[in-house]
């Protein structure tokens, strides 16, 4: 293996054994990929410890022996308010915020509440696989607005086609920002053009911004709802500390809705289904992460960017087999195997049985992505180094 890289930071180098923690990336490896001895680079969580400040607060709370019903203190949403203002220059009010166990629950409840049965919902493909199931399980119709691929391998929105979708009657749109799996961080210019179309057709947008803090140098996340005051009332923003701080098991997230009518409808739905209760450890983790996690996150982003560049440099040696455009955000690389000539089954077989790697199959993100795979590079460098040694077996 000939790739040369600089030495990464040390904070995230420690390899932590997750085998006895019921971690999904371990437990489901054999059922999904047929083998348990694979390097798991598929599901989107990180192999890094959460910020020590979060762990300390969780331990402190766990030492109190009563784990009864727990309210969310005023400081809970204030921590999110301060984070959004400091990190993304977005001024929100705490009364705009609602608690939700997960972003997917937020998307599902919002669609179930606001979109009429059998109505059309636009998604931008290839996209995070659960977007498909969120729409179809709620008996709504998927309308695909495929992203356009540029010559350099990056993606852009097809605004003309998107406008056509709305002109034909679609009134609901799920935005992925930053985009999973293609790694785009939409620019303010792009979002402003999107805003004009949304306002023109009075479309309700569910904006999944769970990766908003995972943005690399040279790029900046802009919350869609912050683009204009006219747009704000059309946007339901879904955020969470779970991707940023590796807290997915805490099942804690938030919805930010400035439109009081939409907010009341969504809040009523959560009450109707009795899922407004709070996980007490989720409360602690949520607030502690947003209050005390900035320094940890800054170090994480440097480490992830180093990992991103490492995998991109390695793959650049094999353009006749695989290509990748460095993601602008997220910790997910979107690998294109079209040049190899391999079909979907061959890609899967080679990755699993020859390279010993578990990557997320591209077909999960859309029918046009069968020759792609998604690779999660949020792991200690030594694991990534071993992964590329094994990867090289099928690329040479």
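The values are calculated or read from the model by the stated rules, or taken from the named source; none is laboratory data. Here the structure is a predicted model, which means the values were calculated and not measured. For neighbour counting, all protein chains shown are included, and Cβ atoms are generated from backbone atoms with ideal geometry for every residue, glycine included.
Any chance the range 327-347 includes a residue that's within 29 Å of residue 14 (Cβ to Cβ), crowded, with 19+ Cβ neighbours inside 10 Å and free of Cβ contacts under 8 Å to residues at least 40 places away in the same chain?
The answer is no; no qualifying residue exists.
How about the range 363-384: which of its residues are over 30 Å from residue 11 (Cα atoms), within 16 Å of the chain's Cα centre (by Cα) and crowded, with 24+ Cβ neighbours inside 10 Å?
Hit for the range 363-384 is 365, nothing else.
Which one is surrounded by the most Cβ atoms within 10 Å (Cβ to Cβ) among residues in the range 27-40 that are assigned to a loop (DSSP other than H, G, I, E, B) and either on the phi > 0 side of the Ramachandran plot or touching a residue at least 12 places away in the same chain (Cβ under 8 Å) (or both)?
38
Would you check if residue 334 is closer than 18 Å to residue 313 by Cα and outside any helix (DSSP H, G or I)?
Yes.
Could you identify the single residue in 387, 378, 339 that is out of contact with any helix residue (DSSP H, G or I) (no Cβ under 8 Å at 6 or more places or on another chain), closer than 27 Å to residue 48 by Cβ and outside any strand (DSSP E or B)?
Working: 378 fails: out of contact with any helix residue (DSSP H, G or I) (no Cβ under 8 Å at 6 or more places or on another chain); 339 fails: closer than 27 Å to residue 48 by Cβ.
Just a single option satisfies the conditions, and that option is 387.
Among (1) farther than 19 Å from residue 208 by Cβ; (2) surrounded by 14 or more Cβ atoms within 10 Å (Cβ to Cβ); (3) not assigned by TED's automatic domain parsing to the domain that holds residue 274, where does residue 43 come up short?
For residue 43, the failing item is (1).
Just the residues that are in contact with a helix residue (DSSP H, G or I) (Cβ under 8 Å, 6 or more places away or on another chain) and part of a loop (DSSP other than H, G, I, E, B), please, taken from the range 47-67.
Within the range 47-67, 47, 48, 49, 50, 51, 67 meet the criteria.
So residue 222 ticks every box in (1) modelled with pLDDT under 95; (2) within 16 Å of residue 175 (Cβ to Cβ) but one. Which box is left unticked?
Here residue 222 clears every test but (1).
Give the residue, chosen from 203, 182, that is surrounded by fewer than 22 Cβ atoms within 10 Å (Cβ to Cβ), in contact with a strand residue (DSSP E or B) (Cβ under 9 Å, 6 or more places away or on another chain) and not assigned by TED's automatic domain parsing to the domain that holds residue 362.
Selected residue: 203, the only one of 203, 182 that is surrounded by fewer than 22 Cβ atoms within 10 Å (Cβ to Cβ), in contact with a strand residue (DSSP E or B) (Cβ under 9 Å, 6 or more places away or on another chain) and not assigned by TED's automatic domain parsing to the domain that holds residue 362.
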